[in-house]
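K.L.:
Quick one: structure below, then a few questions.
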Amino acid sequence: QSVGLIKLKKSIGEIKDRELRSISNQTIKGLEENLRELLQFFSLAPRDDEASETRTIDSSFFAGELLAFAKTSVRNYAIAITETATPALREVLTKQLLRAIDTHARVFRYMHAKSFYPAYDLQKLLQNDVNLANKALDYKF
């Protein structure tokens, strides 16, 4: 929700249609409320008291976007493969699925090496989520 909120806040200024802008604004307010509600539960999660660095909208943000895109691509290709009746198309989609898996792996390794995605440290993952939610809430639009 945090990334979606930031995206909406970054793009709302470009929306010319009054009704769509109003819907987007309502969505932003709803997402802000969702994040504030969820942040209340952070203190209940098991973690140590070590503070984590605040995630900025820079390479880590864009890498996270690319990772999410790769995950979605993998899922979408897998679904398409199961729904295709043409062997030639299935073969093409399978090659594309493998490329999407490779992209995901490369982005994951990059993020892990840069400490943007501490996949094996639940406490850091939770802290990153909190930091990103707070950043999304504070992002001006």
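The values are calculated or read from the model by the stated rules, or taken from the named source; none is laboratory data. Just so you know, these numbers come straight off a predicted model, no measurement behind them. Glycine gets a Cβ as well: all are built from the backbone with ideal geometry, and neighbour counts include every protein chain shown. Ligands, DNA and RNA are excluded from the accessible area calculation, which covers all protein heavy atoms including side chains. Shrake-Rupley method; radii C 1.70, N 1.55, O 1.52, S 1.80 Å.
K.L.:
Can you report the number of residues in the stretch 104-133 which are within 17 Å of Lys71 (Cα to Cα) and loosely packed, with under 15 Cβ neighbours inside 10 Å?
P.N.:
5
K.L.:
Take Ala80 and decide whether it is among the aliphatic types (A, V, I, L, M), farther than 22 Å from Leu8 by Cβ, assigned to a helix (DSSP H, G or I) and modelled with pLDDT of 85 or more.
P.N.:
yes
K.L.:
For the stretch 104-137, which residues satisfy the criterion of being modelled with pLDDT of 90 or more and of a type in the set (D, E, K, R)?
P.N.:
Those that are modelled with pLDDT of 90 or more and of a type in the set (D, E, K, R): Arg106, Arg109.
K.L.:
Which of the following residues is open to solvent by less than 60 Å² (accessible area, probe 1.4 Å), at pLDDT 85 or above and within 22 Å of the chain's Cα centre (by Cα): Ile6, Ile101?
P.N.:
From the options Ile6, Ile101, the qualifying one is Ile6.
K.L.:
Find the residue count for the stretch 56-81, including only residues that are under 19 Å from Asp138 (Cβ atoms) and among the polar types (S, T, N, Q).
P.N.:
2
K.L.:
Okay, next question. Go through (1) surrounded by 17 or more Cβ atoms within 10 Å (Cβ to Cβ); (2) within 21 Å of the chain's Cα centre (by Cα) one by one and return the number of the condition Leu93 breaks.
P.N.:
(2)
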